[in-house]
Amino acid sequence: MPAAAFFVSLLSLTSAFALPTQPTGIAIPIQKRVSSGTPQGVANIASLKAQVNKLSGKYATTLAAYETNTGGAHPAAASSARNATKRATSGGEALTDAQEELWFGTISVGTPAKQYTIDFDTGSSDLFIPSSSCKNCGSHTTYNPSKTSKDLRKEFSLSYGDGSTTSGEQYSDTVTVAGLTATGQTLGAATSYSDSFTNGPTDGLMGLAFPSLSSYPATPFFNTLISQKKVAAGAFSFFLGESGSELFLGGSDQAHYTGDINWNAVTQEGYWQIALDSVKIGSKAAVSGLQSIIDSGTTLIVGDTASVATFYKAVPGSQDLSSTVGQGFYGFPCNKVPSVSFTFGGKSYPVDPQFFNLGPASQGSSTCVGALMGQDLGDFWVVGDVFMRSVYTTFDFDNSRVGFATLA
């Protein structure tokens, strides 16, 4: 990947509901790896199954970390999902060569600094990269302890939905993103990588959720920046576009949105969890009264199986594709893509049909696969970049809230 060019943007924060009034932030260019290996326009079934498996493992791991760190189960961890870790290790589609779709950018670690491509994930809280002693980390850039590193003499292990794990040793070191440097940052140096990372486009992952989800446990990178007073505001934002995509640290970048940011209080710290008023088809609510997690680390939108089934009953011509595409997937006529919108805080946000439609289920099929699928991860929906690509999204630690704005 070409070296990312970092730049500084100025914020004009004039709304009564604006972020804290410090005027500067830092923008990090990010890009998306596009799935391949199927005829153009056709849904990549292998990738979809792999994403669901990985998502299941991630939420099993982070829900377990939350319980360990807080002493109690996450309120949204439904009883049906509390055995997810056991289920996640009992088979499923392998993640090898899954061609997953990720938003990634560049960070540097250590002294002297070495660059890594990183998946920025608001659905988890830990940072890990491959160790130089890793035996199955493919061609990824690896980490050697540097002049500023410290061996914390602690191990870590993260499980995934295919039963594989990423595991290794914990260190602290200097970590820099777009000129913002966190010193003494805890990171994992992986000596064993799951298949999804061995064959994936990124060297590692940086979690951007709350500290209570950390499996290490440790303070996540952005929270370290806040505590070390390296950012003007304890907030960051995503613009996920066809070009010029960016992660903005320290507030929001008004070049990418118009009007005010509409805020939604986090209902349970850990994930970026907010109330989802309803999901509409046209002007009519198909389901309502939900909890949601805004997760940049997944492409899909994943809801509980009962609510998702209710949603698709309201979609003309919809079909259950569990026997052809995979458990929990649905389709609709390719020439009748539903007009879907999500309502947060009383305001509806349309989802661009080109993102909700994942393409025909097979070459020549007239049935297209929907980007909303059903799986019982817990009492919440996971709202990924299918939605986030249609809005500007801000995550605000200072005020424990998530905001959406209309794209410029």
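The values are calculated or read from the model by the stated rules, or taken from the named source; none is laboratory data. Quick caveat: nothing in here was measured; it's all calculated off a predicted structure. Please note: Cβ atoms are built from the backbone with ideal geometry, for glycine as well, and neighbour counts cover all protein chains shown.
Looking only at strands (runs of 3 or more DSSP E) that lie completely in the stretch 240-292, which have at least 1 residues being closer than 25 Å to Val315 by Cα?
272-281
Out of everything in the stretch 361-401 that is among the polar types (S, T, N, Q) and part of a loop (DSSP other than H, G, I, E, B), what residue ends up being farthest from Tyr312 (Cα to Cα)?
Asn399
Filter the stretch 330-348 down to residues that are assigned to a strand (DSSP E or B) and crowded, with 20+ Cβ neighbours inside 10 Å, then give me how many there are.
So the count comes out to 6.
Return the residue satisfying two criteria in turn: it lies in the stretch 244-254 and is over 16 Å from Ile226 (Cβ atoms) and either free of Cβ contacts under 8 Å to residues at least 12 places away in the same chain or not hydroxyl-bearing (Ser, Thr, Tyr) (or both), and of such residues it is surrounded by the most Cβ atoms within 10 Å (Cβ to Cβ).
Only one residue fits best here, namely Glu246.
Those residues that are in a strand (DSSP E or B), surrounded by fewer than 18 Cβ atoms within 10 Å (Cβ to Cβ) and not acidic (Asp, Glu), I need them from the stretch 125-162; list them, please.
Lys150, Leu152, Arg153, Lys154, Ser157
Restricting the search to the stretch 347-392, which residues are more than 20 Å from Ser296 (Cα to Cα) and of a type in the set (A, V, I, L, M)?
Ala361, Val369
Filter the stretch 357-408 for residues that are within 29 Å of Pro333 (Cα to Cα) and of a type in the set (Asp, Glu) and give the result.
Selection gives Asp376, Asp385.
Cβ-Cβ below 8 Å, separation at least six or inter-chain, first residue in the stretch 125-144 and more than 17 Å from Gln170 (Cβ to Cβ), second of a type in the set (D, E, K, R): which pairs?
His140/Asp203; Thr141/Lys114; Thr141/Asp203
Output the residue which, of all residues in the stretch 145-200 that are within 23 Å of the chain's Cα centre (by Cα) and aromatic (Phe, Trp, Tyr), is nearest to Gly25 (Cα to Cα).
Phe197
Restricting the stretch 101-124 to residues that are closer than 20 Å to Phe238 by Cα and of a type in the set (A, V, I, L, M), which is modelled with the highest pLDDT?
Ile107
Checking Ser296 against (1) in a strand (DSSP E or B); (2) under 20 Å from Ser47 (Cα atoms), which test does it fail?
(1)
Condition check: modelled with pLDDT under 95, over 18 Å from the mean Cα position of the chain (by Cα) and not β-branched (Val, Ile, Thr). Does Gly364 satisfy that?
Here the answer is yes, as Gly364 does meet what is asked.
Working only within the stretch 218-232, note down all residues that are modelled with pLDDT of 95 or more and of a type in the set (Gly, Ala, Ser).
Result: Ala218, Ser227.
Within the stretch 255-273, restricting attention to residues that are surrounded by fewer than 21 Cβ atoms within 10 Å (Cβ to Cβ) and among the polar types (S, T, N, Q), which residue is farthest from Asp396 (Cα to Cα)?
Thr258
Quick one: is Val325 part of a loop (DSSP other than H, G, I, E, B) and in contact with a helix residue (DSSP H, G or I) (Cβ under 6 Å, 6 or more places away or on another chain)?
For Val325, the condition - part of a loop (DSSP other than H, G, I, E, B) and in contact with a helix residue (DSSP H, G or I) (Cβ under 6 Å, 6 or more places away or on another chain) - is met.
Name the residue that is surrounded by the fewest Cβ atoms within 10 Å (Cβ to Cβ), counting only residues in the stretch 49-70 that are closer than 28 Å to Phe329 by Cα and among the small types (Gly, Ala, Ser).
By that ranking, first place goes to Ala64.
Determine, yes or no, whether Leu187 is surrounded by 24 or more Cβ atoms within 10 Å (Cβ to Cβ) and at pLDDT 90 or above.
In short, yes.
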